[in-house]
1. Taking the Cα-to-Cβ direction at GLU167 and at ASP207 and moving 7 Å from each Cα, how far apart do the two end points lie in nm?
2. Solvent-accessible area of LYS51, probe 1.4 Å, all protein chains present, reported in Å² to the nearest ten, please.
3. Using a 7 Å offset from the Cα along the Cα-to-Cβ direction at both THR126 and LEU267, what is the distance between the two label points in nm, to one decimal?
4. Evaluate the Kirkwood expression for the hydrodynamic radius of the stretch 1-101, namely the inverse of the mean inverse distance over all pairs of different C-alpha atoms, and round to one decimal in Å.
5. What do you get for GluC sites (Glu not before Pro) in the stretch 169-268 restricted to DSSP loop and a cutoff of at most 16 other Cβ within 10 Å of the site's Cβ?
6. GLU151's amide H: which non-local residues (gap 5+, or another chain) put their own amide H closer than 5 Å, with H modeled 1.01 Å from N in plane and none for Pro or chain starts?
7. Could you give P(r) for the chain, binned at 10 Å from zero, as whole percent values over all Cα-Cα pairs?
8. How far is it, in nm, from the label point at ALA187 to the one at ASP42 when both lie 7 Å from their Cα along the line to the Cβ?
Amino acid sequence: MNTREAIRAGVIGHPIAHSKSPLIHNHWIKRYGLSGSYEAIDIAPDDLSKKLPQLFDEGYAGFNVTIPHKEAVMDLCDDVTDVAARIGAVNTLYKDEGRIIGTNTDAFGFMENLNVAIRHFGFSYTLQNGPAVVLGAGGAAKAVVYGLLEEGVPEIILVNRSKEKAEALAKNHPAAIRVAEWDQRSAVLEGANFLVNTTSLGMDGKDALEIDLRAAPENMLVADIVYTPLLTDLLKQARDYDLRIVTGIGMLLHQARPAFEKWFNILPDVDDRLEELVLWGEEGAGLSFYDESGTV
Ligand code: ATR
């Protein structure tokens, strides 16, 4: 038997042409000298239940799953991990003893990026030190909230335009999450230890995120999961107030690592070259992630 048979993996979504995942995984395949490939595969929602088993039958080791399949794909799994069940979405599929398993690496990606940045800052800051304000209550917010609670953040103040969506998410963690009105998003920053935007506001082509950071304490850390642009208006404003910031690109890179490990048996690193490749499309063209002051 040929034990060095090429391993095939991919990302499924609709549309899928914009996905950065092929860049990331093919970079690692090359870097670790592996025999394999990773493709973007467009599957329309109506075709998902037929096509996914066919692809596994063709020998694929697994897939990343993106919009709009993250919830629908759960019904096609033989089993979902505890983390995927608790977040309510699957972003990674792999096989275990012939069974299709769905898991979710978004919370890992978010927390890993945050913790790498906090270590990099080299100042004393702990997420457990006070309340975290989370803007948004969509799919990304669910993973972020899960990650923050697992990390031991004492309280989450959840602020979403549609309050009922925030309340539905808070219902699973009534002791730890307080829901606030969308128009209170600037006021709730008083006494906050951490702020993260998980909405699509501030992304290229979307509406601006209107928020005033004046009330934020000087040690509050500000993160955005939007990474186009890399420096969102939220992060620029935070920098103007001398607050520490964490950009969104690292979540994308770190969530890919445990997925790659499931298929290729190597937990890859996020290296500078990968950051450049994903941000600028080529190596040597752009900035590094952080400058010497610990901000972007
Ligand atoms: P994702 O899976 O990326 O989180 P989503 O589930 O569609 O995407 O969630 C998008 C988030 O951005 C939601 O919190 C949404 O608020 P609503 O629940 O009120 O829709 C938020 N969002 C999008 N456009 C917004 C806008 N113009 N103003 C305020 N919030 C907005």
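The values are calculated or read from the model by the stated rules, or taken from the named source; none is laboratory data. Note that this is a predicted model, so its numbers are computed, not measured. Ideal geometry is used to build each Cβ from the backbone, glycine not excepted, and the neighbour counts take in all protein chains shown. The protein model used for the area step is the full one, side chains on, heavy atoms only, and it has no ligands, DNA or RNA in it. Shrake-Rupley method; radii C 1.70, N 1.55, O 1.52, S 1.80 Å.
1. Rounded to a tenth, the inter-label distance reads 2.1 nm.
2. 80 Å²
3. Going from the THR126 label point to the LEU267 one covers 2.3 nm.
4. 14.1 Å
5. Numbers: sites: GLU181, GLU190, GLU210, GLU218, GLU261; in loops: GLU181, GLU190, GLU210, GLU218.
Within the stretch 169-268, the qualifying GluC sites (Glu not before Pro) (loop, at most 16 other Cβ atoms within 10 Å) are GLU181, GLU190, GLU210, GLU218.
6. It is none; the list stays empty.
7. Per 10 Å bin, starting at zero, the Cα-Cα P(r) for the chain comes out as 6, 27, 34, 23, 8, 1, 0 percent.
8. About 4.7 nm separates the two model spin labels.
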